[in-house]
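Report on the structure given below.
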Amino acid sequence: MPYRRLPNTDTARMKALKKALEIAKKYSPDMLAFKQSTLLKIQGFLPLFEQAVMMQKEARTRQVTNNKVFVATFKKAKLYISHFLQVFNFAIIRGEIKPSARKYFEIDEKNGCLPDLKTENDVILWGRKVITGENNRVIKTGNPILSPKIAVVKVYYDEFVEKLNFQKMLQSISVRANAKVSSMRPKCDEIICTLWNEVEEYYSRETPERKREQASRYGVNYVYRPSERVSINNGISIAS
């Protein structure tokens, strides 16, 4: 026997409520298979739920779209910071800068091992060290790195920080939107359950097959178990 299954996605939830409203527009209240109080609940709840779901989708779309821009700025900032330190090390190898100058960037003076810029925090930390360190070093020695200039590194670093903060803001908005929809789902499921219970009760005197047929018009969803589907496909009748 097929069993009733409540919607398990937000799209399906909205579809179930909209179906009830569609039926309500076609018939007078005394001809409906569900109560007027339930209709009023649907009319009050559905627009709010639709708006919450729409805002959730918009927040997710903006976050995904901006993430592409953010990733590009992250890679560019990482590239320039790493390249700057490489050029700095090459200048030391050529004897143009003393190894002791590495202290301005908090790098080991003996080997000049470059930092591993894997994460956003790594880029923030080392970007700050490189910019501050180079400015302090130039004040002391007057011998700046020219390719790339620290001003250029700072431009890409600042852009990365700006995009990172913006992305975090979008993530926060998305989290709040998700939480809003999640908090409304229990109420939505409760209304749908009440609606479907009333519809099935209205047709309770009908045969099981006729009851499911009429209830389905109101959006009540019935599904067959896997074994029942196999039996149907094989042409074997199933008792209601």
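Laid out as a table, the results:
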| quantity | calculated |
| --- | --- |
| Cβ pairs under 9 Å, 6+ apart, first in the range 3-24 and over 16 Å from S182 (Cα atoms) and open to solvent by 70 Å² or more (accessible area, probe 1.4 Å), second among the charged types (D, E, K, R) and at pLDDT below 95 | Y3/R225; K19/R217 |
| Boolean, G44 is surrounded by fewer than 12 Cβ atoms within 10 Å (Cβ to Cβ) and part of a helix (DSSP H, G or I) | yes |
| Hits in the range 129-143 - residues which are among the basic types (K, R) and either under 30 Å from the mean Cα position of the chain (by Cα) or surrounded by 14 or more Cβ atoms within 10 Å (Cβ to Cβ) (or both) | K129, R137 |
| Cross-chain or 6+ apart pairs with Cβ under 9 Å, the range 212-240 first and closer than 13 Å to Y3 by Cβ, then part of a helix (DSSP H, G or I) and modelled with pLDDT under 60 | V223/R229; Y224/S231; Y224/I232; I238/S231; I238/I232 |
| Count of the range 25-41 residues which are open to solvent by 60 Å² or more (accessible area, probe 1.4 Å) and either touching a residue at least 40 places away in the same chain (Cβ under 8 Å) or within 25 Å of the chain's Cα centre (by Cα) (or both) | 2 |
| Residue match in the range 108-119 (condition: of a type outside the set (S, T, N, Q), out of contact with any Asp or Glu (no Cβ under 6 Å at 6 or more places or on another chain) and assigned to a helix (DSSP H, G or I)) | no |
| Residue ID - nearest to I131 (Cα to Cα), chosen from residues in the range 84-98 that are surrounded by fewer than 16 Cβ atoms within 10 Å (Cβ to Cβ) and not hydrophobic (A, V, I, L, M, F, W, C) | Q86 |
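The values are calculated or read from the model by the stated rules, or taken from the named source; none is laboratory data. This structure is a prediction, so every number in the text was calculated from the model and none was measured. With ideal geometry, Cβ positions are generated from the backbone for all residues, glycine too; neighbour counts draw on all protein chains shown. Protein only, heavy atoms only, side chains kept; ligands, DNA and RNA dropped before computing areas. Shrake-Rupley method; radii C 1.70, N 1.55, O 1.52, S 1.80 Å.
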